[in-house]
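For reference, the structure discussed in these notes is given below.
Coordinate-derived values only; no laboratory data. These numbers were taken from a predicted model, which means no experiment stands behind them. Glycine gets a Cβ as well: all are built from the backbone with ideal geometry, and neighbour counts include every protein chain shown.
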Amino acid sequence: MLNHGEPQVGILSEDGAFVVPANKYATVPELMERSSFDELLAITRMGVAAVPLSQVKLLAPIPEPDNDIICLGINYRAHDKELPNEYGEEKLVKRDVPVYFSKRASHCVEPEGIIDGHFDIVKKLDYECELAVIIGRTARNVAPEDVQDYIFGYTIINDVTARDVQIAHKQWYFGKSLDSFAPMGPWIVTAEEIPFPPALDISTHVNGELRQHNNTKNLVHGIPYIISELSHGMTLKCGTIIATGTPDGTGIGMDPPRYLKSGDVVECTIEHIGTLRNTVK
Ligand code: MG
């Protein structure tokens, strides 16, 4: 958050009304590595120097991730059904393993921040509301039943996508990774606060109109499977972000497709986490 113009790590109070600065941690990943849930709870309950939420400006919880975001492609059946044939081999009917891809996020856009549509090179700008899992300690060779122990918490990511760039280049990396294409927030909710595996309503509104609505219980490849599989062969360090895929209701899935334009307000909401609201420019 920005508190009196200074970037600080903050912890939201249990009632959501205040933020308590946690200045002994320089970044959220440092907090995740060095603290426990009970310590964070104690800090909020002491409430030293607490500031009303309305008086701070929220930043993305991890504004500059150390690594690219790991993303799941087509991980809800209803989203698979709505996608056109250009998606080819990635369609669920043609595979039984997850599609993993990478999304560069050199800077994650904050809540209320601006999504740059890059309309000089993008004609088909789309939104994708996703539940993002934040790894809290180094995960290597983790069994599915132990995955929960490695999760610090959950946030919302809008996996903003330039559909024309994504499809033209075959590999999705460029079309998913333009500057400002990873809005994140409004905060991380700790894993202790959400029953595992998360079964949370997930939705997107564009200019107040409901576009996406589903539930994270409908992930094709669930969080235990994803993290266990990745951790067998790939070390997932503290601070790793995994975006679990978007449900149906994307702009490309509509008939005719409805893409984002300058001035559009996109609100991504997940139950028990909150709403991530951004404006396209
Ligand atoms: Mg996505």
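Structure notes:
- Considering only 22, 182, 132, the mean-square fluctuation computed in a Gaussian network model of the chain, springs between alpha carbons under 10 angstrom, is largest for 22.
- Descending principal axes extents, segment 216-281, alpha-carbon based, whole Å: 42, 26, 23
- For segment 171-209 versus segment 128-159, the gap between their alpha-carbon centres in whole angstrom: 13
- Prolate/oblate/rounded label for segment 76-141 (Cα gyration tensor, a/c 1.5): oblate
- When the chain is treated as a Gaussian network with alpha carbon springs shorter than 10 Å, the biggest mean-square fluctuation among 69, 121, 194 belongs to 121.
- The calculated FRET efficiency for the pair residue 148 and residue 49, based on their C-beta separation and a Förster distance of 30 Å, comes to about 0.40.
- Equivalent ellipsoid semi-axes, segment 1-64, via Cα gyration tensor eigenvalues times 5, rooted, Å: 16, 16, 9
- Projecting label points 7 angstrom from Cα along Cα→Cβ for residue 225 and residue 39 puts them 3.6 nm apart.
- Cα-only radius of gyration and Dmax that characterise segment 31-72, units Å: 14.2, 40
- Using alpha-carbon coordinates, inclination of helix 37-46 to the longest axis of the chain, degrees: 60
- Footprinting exposure proxy for 184, 32, 46, 254 (fewest neighbouring C-beta atoms within 10 Å first): 46, 254, 32, 184
- Here segment 62-180 has an Rg and Dmax of 15.5, 47 Å, counting Cα atoms alone.
- Cα-based radius of gyration for segment 1-127, normalised by 2.2 N^0.38 Å, reads 1.41.
- For residue 172, neighbours were defined as the other residues whose beta-carbon sits under 9 Å from its Cβ, and their charges (Lys and Arg +1, Asp and Glu -1) total +2.
- Using distinct alpha-carbon pairs, which all enter the 1/r mean, Kirkwood radius of segment 93-249 in Å: 16.5
- Debye intensity ratio in log₁₀ form over the Cα atoms of the chain, taken at each q of 0.10, 0.13, 0.15, 0.17 Å⁻¹: -0.49, -0.84, -1.13, -1.44
- Electrostatic bookkeeping for residue 120 treats Lys and Arg as +1 and Asp and Glu as -1; over the other residues with beta carbon under 13 Å from its beta carbon, the sum is -1.
- Alpha-carbon gyration tensor eigenvalues x 5, square-rooted, for segment 160-260, Å: 25, 20, 14
- Cysteines in the chain that lack a partner Cβ within the 4.7 Å cut-off: 71, 108, 238.
- Among beta bridges from DSSP that stay inside the chain, the antiparallel ones total about 90%.
- Extension gain for residue 201 to residue 141 (0.36 nm times residue separation, less C-alpha to C-alpha distance): 18.6 nm.
- Residue exposure sequence - 176, 94, 57, 124 - by fewest surrounding Cβ within 10 Å: 94, 57, 124, 176
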